[in-house]
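This report concerns only the one structure given below.
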Amino acid sequence: MAKFVLCTSTLAQGVNLPIRYLVISGTSQGMEKIRTKDFQNLVGRAGRAGMHTEGTIIFSDPKLFDEREKDKHKQRWTDATDLLNPSNSEATESSLLKVLSSFTNN
C-alpha cells in the first residue's frame, strides 16, 4: 500500500483512495478558482470509512491564515473559507435523471 501520493486535483478527484491527510496548496484549478463542489469532492477523500475514522485538511500556505487581515490577502482567505462551506456549492444536474424523467407518469 502506498504511504504517500502527490498529485493534482484532477487525479485526486478521480481516484478512489482512502487518505488521512489532504494538503491543499492553493484554491485554483489551472488558471481558475476551483469550484466549491469540486473542492468538497476533494475533501471528501480524507477520512474514508473502513480505513480512517477521520481526515485532516491542511492548507499548506501559512500566509493564508497569518496574513488574512491584510488587504492583499483578504480575498484569498475569503475564497478558501468559502470553499469549506458546503452551502456554497453550485447546483448539480444528473443527465441520467433527465433521461429517466421522461418516463415518469404524471
How big is the accessible area of Ser25 in square angstrom, nearest 10, if you roll a 1.4 angstrom probe over the protein chains? 100 Å²
Accessible area of the stretch 49-106 with a 1.4 Å probe: how many percent of it is carbon plus sulfur? 53 percent
Degrees, to the nearest 10: 71-83 long Cα axis against longest axis of the chain: 30 degrees
When the helix-only estimate is applied to the chain (DSSP H runs of n ≥ 4, each -39,500 (n - 2.57), divided by the residue count), what is the mean residue ellipticity at 222 nm, nearest 500 deg cm²/dmol? -9500 deg cm²/dmol
Roughly what would the spin-label model give for Ser95 and Phe4, points 7 Å off Cα along C-beta, in nm? 3.9 nm
Go through [x] 10.1; [y] 7.2; [z] 6.5 and flag the label whose value is the computed mean projected area of the Cα convex hull in nm² for this structure. [x]
Between the stretch 16-31 and the stretch 71-106, what is the C-alpha centre distance in whole Å? 18 Å
Of Leu22, Leu6, Leu17, Leu96, which has the most accessible area with a 1.4 Å probe, and how do the rest follow in descending order? Leu6, Leu96, Leu17, Leu22
Mean separation of Cα pairs under 8 Å and 6+ residues apart, divided by the residue count of the chain: what relative contact order is that in percent? 28 percent
Using a Gaussian network model of the chain whose springs link C-alpha atoms within less than 10 Å, name the residue from Ser60, Ser95, Ser87 with the highest mean-square fluctuation. Ser95
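The values are calculated or read from the model by the stated rules, or taken from the named source; none is laboratory data. What you are looking at is a predicted structure, and each value in this text was computed from that prediction instead of being measured. No Cβ is skipped: glycine too gets one built from the backbone with ideal geometry, and neighbour counts run over all protein chains shown. To get the accessible areas, we keep the full protein, side chains included, count just its heavy atoms, and leave off ligands, DNA and RNA. Shrake-Rupley method; radii C 1.70, N 1.55, O 1.52, S 1.80 Å.
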